[in-house]
Amino acid sequence: MAVARGEFSSKLGFILAASGSAVGLGNIWGFPTQAASNGGGAFLLVYLLLAFCLAFPALMAELVIGRHAKSNAVNALRLISTNRLSYHAGSITGYVGIITASLILCFYALVAGWMLSYFLAPLAELAGLQDISDWLTEFGLYRNILFMLIFMTLTVAIISRGVQEGIEKWSARLMPVLLVLLLLLIVYVLTLDGAMDGVKAYLIPDLSRITDLQLIISALGQAFFSLSLGVGTMLIYGSYISQKENLFHLGRIVTFVDIGIAVMAGLLILPAMYVAQNNGVVIFDAAGKLISEDTLIFTVLPALFDTMGDIGIIISFAFFVLMSIAALTSSISMLEVPVAYVVENHAVDRTRAAQGIGLVIALISTVIAFNFADLFSLTVHATTRFSQPLLGFVLCIFAGWLWHRNKVLAEIKEGYAEVEQSLFWKIWPPYIRYICPLSILAVFVQLAFYNL
């Protein structure tokens, strides 16, 4: 069955694919924007705590369940269920995860389309096609839909090729390019006037803000979104891992890569904001609130690039190529969630499944584009700030309470025979059983009272 489904060919293949899923716009756009809007260093500190203390254990739960079941989220949760009630609860959780992943891709494809249009704009400008360059960078319905469709076509094409020839091969090609571009851009931006003010705002926390409930909610949602948790993405990727691989080692590497790139993205975006401010671009309003939070990189950063002269065209091109690559490595993992379910549970050819589901997602994205003011932020907040953490909560319940401890241990021992004597095994089972679900639940209970 594993051979028919496909399997990552190597440890590196999985790391690049899973890291590519985790390292997307959530890291390079979402994380720095959230940090800038929530106190900079204070948000960074809370995010790091939540990522290591809640997101990593939840990631391990998904990987362990996925590899054991060798199937999609619906089938996997049914497999480890112990009674009729948990069987149905698992089915519902799996289906909600599929819907959530699909809805995330619906808004994600629109944003990724913007990245594609923005990286083409400098090329049009260099070619003397200023009208086309202006159209590519102006918010417009037809531009949004056209580039969303182009992006979804790229995503569908990769997923149609399968695990090794599609997901793994393209992740291996795109991730090294992403890392090199990110490092080069950071080095360049840090040489500019005003950058050090951004570094200070980013790395020096205002400790009075770390108990801010909205900051904590945002950081929790960001931790789950950036690691692709709760919707079954990592569970699916876990199902493609060979039994000989050490899951703890792989999960730890993916978490460190994801968090490391998020922190690096902050070192690019926040200093760039302060460079822009130093060059006369307004980034804060009179009350000290960040302007254009949702469209920061499409307003503040292009204004910065415009102040750089000819070099700004090159930097703009490199930056939006980086963003487009980050978007694509994540989108393929999101589309894989519903595609894997349809292929495995309804015996549909992978190419037909990818094309059909991609078309449905493109249609929903078009509806969002036509009703952008009402639906875009609603979809983002409903999926990333609420649905993903709550689905992560349910997955923790399944891994910690419903799946027998000895079976969990037996699965992790595949590839890590000495795990029973490790610090990880002494901490993780009670942690995933008590600390993770209670912490996630506590945050949402506080939010409910906060909104009363």
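Kindly list the number of the only condition in (1) surrounded by 19 or more Cβ atoms within 10 Å (Cβ to Cβ); (2) at pLDDT 95 or above that fails for Thr384.
(2)
Of all residues being of a type in the set (Gly, Ala, Ser) and assigned to a loop (DSSP other than H, G, I, E, B) in the range 208-257, which is modelled with the lowest pLDDT? Just the residue, please.
Ranking the candidates gives Ser228 first.
Considering only residues that are farther than 22 Å from Ile397 by Cα and either part of a loop (DSSP other than H, G, I, E, B) or in contact with a helix residue (DSSP H, G or I) (Cβ under 8 Å, 6 or more places away or on another chain) (or both), which ones fall in the range 412-434?
Within the range 412-434, Glu414, Gly415, Tyr416, Ala417, Glu418, Ser422 qualify.
Has the range 104-117 got at least one residue that is under 18 Å from Glu62 (Cβ atoms) and either polar (S, T, N, Q) or out of contact with any Leu (no Cβ under 7 Å at 6 or more places or on another chain) (or both)?
yes
Determine which member of the set Ala318, Ala276, Ala303 is buried (at least 23 other Cβ atoms within 10 Å of the Cβ) and touching a residue at least 24 places away in the same chain (Cβ under 8 Å).
Ala276
So that you can scan it fast, the table gives a plain yes or no per residue for (1) surrounded by fewer than 20 Cβ atoms within 10 Å (Cβ to Cβ); (2) of a type in the set (Gly, Ala, Ser); (3) under 26 Å from Gln222 (Cβ atoms):
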position: Ser9; (1), (2), (3): yes, yes, no
position: Leu12; (1), (2), (3): yes, no, no
position: Leu16; (1), (2), (3): no, no, yes
position: Ser37; (1), (2), (3): yes, yes, yes
position: Phe56; (1), (2), (3): no, no, yes
position: Arg78; (1), (2), (3): yes, no, no
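Limited to the range 80-95, what total is found for residues that are buried (at least 19 other Cβ atoms within 10 Å of the Cβ), touching a Ser or Thr at 6+ places or on another chain (Cβ under 9 Å) and over 20 Å from Glu414 (Cα atoms)?
1
Of the residues that sit in the range 140-155 and are of a type in the set (Phe, Trp, Tyr) and in contact (Cβ under 8 Å) with a residue 12 or more places away in the chain, which one is nearest to Ser324 (Cα to Cα)?
Result: Phe151.
Are any residues in the range 408-423 in contact (Cβ under 8 Å) with a residue 40 or more places away in the chain and hydrophobic (A, V, I, L, M, F, W, C), and if so, which ones?
Taking the range 408-423 as the starting set, the residues that turn out to be in contact (Cβ under 8 Å) with a residue 40 or more places away in the chain are 408, 411-412, 414-416, 419, 422.
Those that are in contact (Cβ under 8 Å) with a residue 40 or more places away in the chain and hydrophobic (A, V, I, L, M, F, W, C): Val408, Ile412, Val419.
I want to confirm something. Restricting to the range 70-97 and keeping residues that are of a type in the set (S, T, N, Q) and assigned to a loop (DSSP other than H, G, I, E, B), which single residue is farthest from Ser242 (Cα to Cα)?
Applying the filter and picking the extreme gives Asn83.
Within the range 394-424, track down each residue that is aromatic (Phe, Trp, Tyr) and under 12 Å from Pro57 (Cβ atoms).
Residues of the range 394-424 that are aromatic (Phe, Trp, Tyr), as a first pass: 398, 401, 403, 416, 424.
Of everything in the range 394-424, just one residue is aromatic (Phe, Trp, Tyr) and under 12 Å from Pro57 (Cβ atoms), namely Phe424.
When you look at Lys169, is it in a helix (DSSP H, G or I), at pLDDT 85 or above and not hydrophobic (A, V, I, L, M, F, W, C), yes or no? Steps first, please.
Details: in a helix (DSSP H, G or I): yes; at pLDDT 85 or above: yes; not hydrophobic (A, V, I, L, M, F, W, C): yes.
Against the criterion (in a helix (DSSP H, G or I), at pLDDT 85 or above and not hydrophobic (A, V, I, L, M, F, W, C)), Lys169 qualifies.
What about Ile364, is it in contact (Cβ under 8 Å) with a residue 12 or more places away in the chain and either among the basic types (Lys, Arg) or crowded, with 20+ Cβ neighbours inside 10 Å (or both)? Talk me through it step by step, then tell me what you get.
Working: in contact (Cβ under 8 Å) with a residue 12 or more places away in the chain: yes; either among the basic types (Lys, Arg) or crowded, with 20+ Cβ neighbours inside 10 Å (or both): no.
Against the criterion (in contact (Cβ under 8 Å) with a residue 12 or more places away in the chain and either among the basic types (Lys, Arg) or crowded, with 20+ Cβ neighbours inside 10 Å (or both)), Ile364 does not qualify.
For the range 329-336, state whether one or more residues are of a type in the set (Gly, Ala, Ser) and either surrounded by fewer than 22 Cβ atoms within 10 Å (Cβ to Cβ) or modelled with pLDDT of 95 or more (or both).
There is no residue in the range 329-336 that is of a type in the set (Gly, Ala, Ser) and either surrounded by fewer than 22 Cβ atoms within 10 Å (Cβ to Cβ) or modelled with pLDDT of 95 or more (or both).
What pairs come out if I take residues in the range 192-217 that are at positive phi and pair them with residues that are assigned to a helix (DSSP H, G or I) and not charged (D, E, K, R) whose C-beta lies under 6 Å away, six or more apart or interchain?
Short answer, once both residue conditions are applied: Gly194/Tyr274; Gly194/Val275; Gly194/Asn278.
The values are calculated or read from the model by the stated rules, or taken from the named source; none is laboratory data. As the structure is a computational prediction, the values presented were derived from the model and not from experiment. Virtual Cβ from ideal backbone geometry, glycine too; neighbours counted across all protein chains shown.
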